[in-house]
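K.L.:
Handing you this structure, nothing more for now.
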Amino acid sequence: MNEKSILVVEDNPTNLKLACDVLEWSGYKVLQAGDAEQALKLIDQTPPDLILMDIGLPGMDGLALTRKLKAADGTKDIRIIALTAYAMKGDEQKVLDAGCDGYISKPIDTRVLAAHVAVCLGEAEEKP
Ligand code: MN
């Protein structure tokens, strides 16, 4: 039984549902937030093991939220995987510079998502 919890921060309802479904099927406890403010409230109540972070959010964006979490002692150890639509060169670096531990480009490939999350949580070996 997998007790790891994952917070999905995504403002697009279709992507939010898809990501949450995949992670629930994989046995994780899944929390969801549609913006940074909601995410911060949830993180404050129950810090998750990993955050799947959409970069394009209304208000505070995913990069700013990541910087904020990685700068605070209570939240800096939470793994963060960015969910980015900008699959362009240079953006990978921007995401890593903000403190994200990895990234997945949209549209979401469900197998890639499940595998990447497992690796990031140290539950699976990275593919050679
Ligand atoms: Mn978005």
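The values are calculated or read from the model by the stated rules, or taken from the named source; none is laboratory data. Since we're looking at a predicted model, the values are computed, not measured. Methodologically, a virtual Cβ is constructed for each residue, glycine included, from the backbone with ideal geometry; neighbour enumeration extends over all protein chains shown. We work out accessible area using only protein heavy atoms, side chains counted, and drop any ligands, DNA or RNA first. Shrake-Rupley method; radii C 1.70, N 1.55, O 1.52, S 1.80 Å.
K.L.:
Inspect all residues belonging to the stretch 47-64 and state whether any of them is in a helix (DSSP H, G or I), touching a residue at least 24 places away in the same chain (Cβ under 8 Å) and open to solvent by 60 Å² or more (accessible area, probe 1.4 Å).
P.N.:
No: zero hits.
K.L.:
Sticking with this one: List, please: which pairs have Cβ atoms under 6 Å, are six or more places apart or on different chains, and start with a residue in the stretch 97-121 that is part of a helix (DSSP H, G or I) and end with one that is open to solvent by 20 Å² or more (accessible area, probe 1.4 Å) and of a type in the set (D, E, K, R)?
P.N.:
Val119/Glu126; Cys120/Arg79; Cys120/Asp101
K.L.:
Among the numbered criteria (1) surrounded by 18 or more Cβ atoms within 10 Å (Cβ to Cβ); (2) not in a loop (DSSP other than H, G, I, E, B), which one does Leu40 miss?
P.N.:
With respect to (1) surrounded by 18 or more Cβ atoms within 10 Å (Cβ to Cβ); (2) not in a loop (DSSP other than H, G, I, E, B), Leu40 is out only on (1).
K.L.:
Please determine, by comparing only the residues of the stretch 70-84 that are modelled with pLDDT of 95 or more and in contact with a Lys or Arg (Cβ under 7 Å, 6 or more places away or on another chain), which one is nearest to the ligand (Cβ to nearest atom).
P.N.:
In this case the residue turns out to be Lys70.
K.L.:
I want to confirm something. Restricting to the stretch 1-35 and keeping residues that are more than 14 Å from the ligand (Cβ to nearest atom) and among the charged types (D, E, K, R), which single residue is most open to solvent (accessible area, probe 1.4 Å)?
P.N.:
Among those residues, the one meeting the criterion is Glu3.
K.L.:
Listed residues Ser26, Ser5; which is of a type outside the set (Phe, Trp, Tyr) and over 13 Å from the mean Cα position of the chain (by Cα)?
P.N.:
So the residue among Ser26, Ser5 that is of a type outside the set (Phe, Trp, Tyr) and over 13 Å from the mean Cα position of the chain (by Cα) is Ser26.
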